[in-house]
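**Q** Structure below; questions to follow.
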Amino acid sequence: MSVNDKDQGAPIRPGSPLARALGDYTPPPLPPGFAERVLAAAESRPAPLPGLRRPARGGRGWRMGRRIAIGVASIGALATAAAATGLLGRLDLPLPSAGTVWASLSGTAVAAPAPTPSVPRPAPVAPAAPATVAIAGPIDTPEELAEAFRRVDAVRKGRRDERSQLIDQRIASEIERRRAAGLPVPTAEQEARLRQRIEEARTRREQFLDERVKMRREELERRVESGEALTRETILRPLREDSGTPEPRERIERLRRMPPEERRALIEEWRQRRAGRLGGTAPGSAPAPATPAQTDLPPTGTVGAEPAVPPQE
Amino acid sequence: MTAGNEPPLRAPHVVGPDDEAVLAARLAARDPAALRDVIMRHAGALHRTAFRMTGDGHEAEDIVQEACLRLWDQAPAIAARHPVGSRAADTLRLGGWLRRVVTNLAIDRLRRARRLSDGAVPDREDDAPRADALIEADERDGLARRLVLGLPERQRAAIVLTYYEDLSNAEAAEAMKMNIKAFESLLHRARAALRQAFAAQGGTP
């Protein structure tokens, strides 16, 4: 800075030409109502906004430390959860136990035991099925006879289940038909009563048939013990022969060949006989219609019992 | 160099040690009389400063009003930082606070006007025909206006605060929120620029 520069920046001396020139710069007076104007503006001014939220306690270092601590804790929790759920094992990540780590640090590590070869587990032994007896030729031993009875029982059980399903299906379709036709539909109690009656009828019939089958089997066993050889027809046919009824196909063919009047009379006779049979089986119940599928379920649930099917043995 | 012309605003007052803190507490309590008291004490000097910075009377009034309203808004925080009876209360100077606000507002407005006008600060001299007396006064004041308004904003503020308002360098530096060395450098450059401009007008500094 030169001497001339110092003079240029020196204070302005009072009375100098520059000071006289600057002294002419006079401001105007404030207007008379200035104070009132400011006061009015202050009173109509909206309330100032609240101060900024106080910054978090502590400085930047503590904020960073807190974030780091939260991150470490989160990662630790995730790793613990992964180890607890076995995820690390599934990913084939070795996870040493605390004892292993300590042993490696303290030098007391012991040799790991040799891995035992994995032995495949023996497959669970299926329950021994009863030895099946082959029936070769005529049935002439008690074992072959027992095997024949077992096969017959299996067929009977299958038919019994099939009939139960058929009954359920018919009841359901009948209820659906009634609902579609706008007819009264049996309530749950009525349906339960109906099923109970069907079940009771079935039980009675089963008992009756079981007694007959038992007597028949005892007779067959006696015959086998006496040395007689039984054939398949000997076991299956007699009941049907006892009943004296021809095969359905033959029966239908015979009906077709009859004159109409005779056929109508026979059908009527058959209906009466069937009604009498059903009446004797379930006293008090109304005669059932010919086809169970066409049977309307009465509100009280009085429906014919299970159609009498002759035993198929 | 003071030019207070409004009698109510020149009411004499005595500032005690806690006087400013008490005034701030009254402002914080939303006492209009306290704001009137502040206006009476400081508005004249603030208006002079603002006018010499901007060269516009209406702009100067707006700046002073804005400064007073900011004090009204900030009073609760100021009073909280300077409770009555505390040591901090002795250091509170509402006049200095207002002067700093006025200086900054004036500089901001000058910069904004320069940015919007894309050139030097416009000369707001009224060219309309006036009475002879007003024309003569205007011609007489014209040189000083041109000299002061021809300075950059910060140099202008330094001249106004130290020459016209008789503030010490330290007080002016505080008003401009500068350290003392930087302010003295700024003031030196402002005086030099002023002298050069005066010499360019044909004057003898």
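Read-outs throughout are calculated quantities, based only on the coordinates presented, and are distinct from any laboratory measurement. Worth saying up front: this structure is predicted, and the values here are computed from it rather than measured. Using ideal geometry, Cβ is built from the backbone for each residue, glycine included, and neighbour counts are taken over all protein chains shown.
**Q** Return A:Met215, B:Met176 ranked ascending by Cβ neighbour count within 10 Å, so the fewest neighbours appear first. Present the calculation step by step, with values, prior to reporting the outcome.
**A** Values: A:Met215 10, B:Met176 20.
Sorted ascending by nearby Cβ count, the order is A:Met215, B:Met176.
**Q** Please compute, for peptide A:33-46, the average count of beta-carbon atoms on other protein chains lying within 10 Å of each residue's beta-carbon. Could you put the intermediate results ahead of the total?
**A** On the way: counts 0, 11, 11, 2, 3, 14, 7, 1, 5, 12, 4, 0, 3, 1.
Averaged over the peptide's residues, the number is 5.
**Q** Here's a follow-up. Can you give the extra length, in nm with one decimal, that the chain gains between A:Phe208 and A:Leu52 once fully stretched, where that is 0.36 nm per residue apart less the Cα-Cα distance? Intermediate values should be presented prior to the final figure.
**A** Details: separation 156, 0.36 × 156 = 56.16 nm, distance 9.65 nm.
Stretched fully, the A:Phe208-A:Leu52 segment lengthens by 46.5 nm.
**Q** Using modelled backbone amide H atoms (1.01 Å from N, in-plane), which distant-in-sequence or interchain residues come within less than 5 Å of A:Leu230's amide H?
**A** Hits under the 5 Å cutoff: A:Ile139, A:Asp140.
**Q** So what J values fall out for segment A:19-34 if you push phi through Karplus, 6.51 cos²θ - 1.76 cosθ + 1.60 with θ = phi - 60°, rounded to Hz, Gly and Pro as x?
**A** With coefficients 6.51, -1.76 and 1.60, one gets 5, 5, 5, 5, x, 7, 8, 9, x, x, x, 5, x, x, x, 5 Hz.
**Q** Please report B:Thr49, A:Thr231, A:Thr26, A:Thr141 as a ranked list, fewest other C-beta atoms within 10 angstrom at the top and most at the bottom. The partial results should precede the final answer.
**A** Details: B:Thr49 26, A:Thr231 11, A:Thr26 17, A:Thr141 14.
Lowest count first: A:Thr231, A:Thr141, A:Thr26, B:Thr49.
**Q** Expressed in nm to one decimal, what extension gain is obtained for the pair A:Arg178 and A:Ala83 from 0.36 nm per residue of sequence separation less their Cα-Cα distance?
**A** Working: separation 95, 0.36 × 95 = 34.20 nm, distance 6.18 nm.
That works out to 28.0 nm of additional length.
**Q** Specify the inter-centroid distance of segment A:24-45 and segment B:44-69, based on alpha-carbon positions, in whole Å.
**A** 9 Å
**Q** Would you mind counting up the charge near B:Ile78? Only other residues with Cβ under 13 Å from its Cβ, with Lys and Arg at +1 and Asp and Glu at -1.
**A** Details: positive: B:Arg26, B:Arg70, B:Arg81, B:Arg93, B:Arg100; negative: B:Glu20, B:Asp73.
Charge balance in the 13 Å sphere: +3.
**Q** Mean shadow of segment B:164-205, computed from the convex hull of its alpha carbons, in nm²? Walk me through the numbers on the way to the answer.
**A** Numbers: hull surface 12.7 nm².
Convex hull of Cα atoms, orientation-averaged projection: 3.2 nm².
**Q** If I model a spin label as a point 7 Å beyond the Cα along the Cα-Cβ vector, how far apart are those points for B:Asp31 and A:Ala188 in nm?
**A** 8.3 nm
**Q** Another one. Can you put A:Thr108, B:Thr103, B:Thr91 in order, fewest other beta carbons within 10 Å first?
**A** Least crowded to most crowded, the residues run A:Thr108, B:Thr91, B:Thr103.
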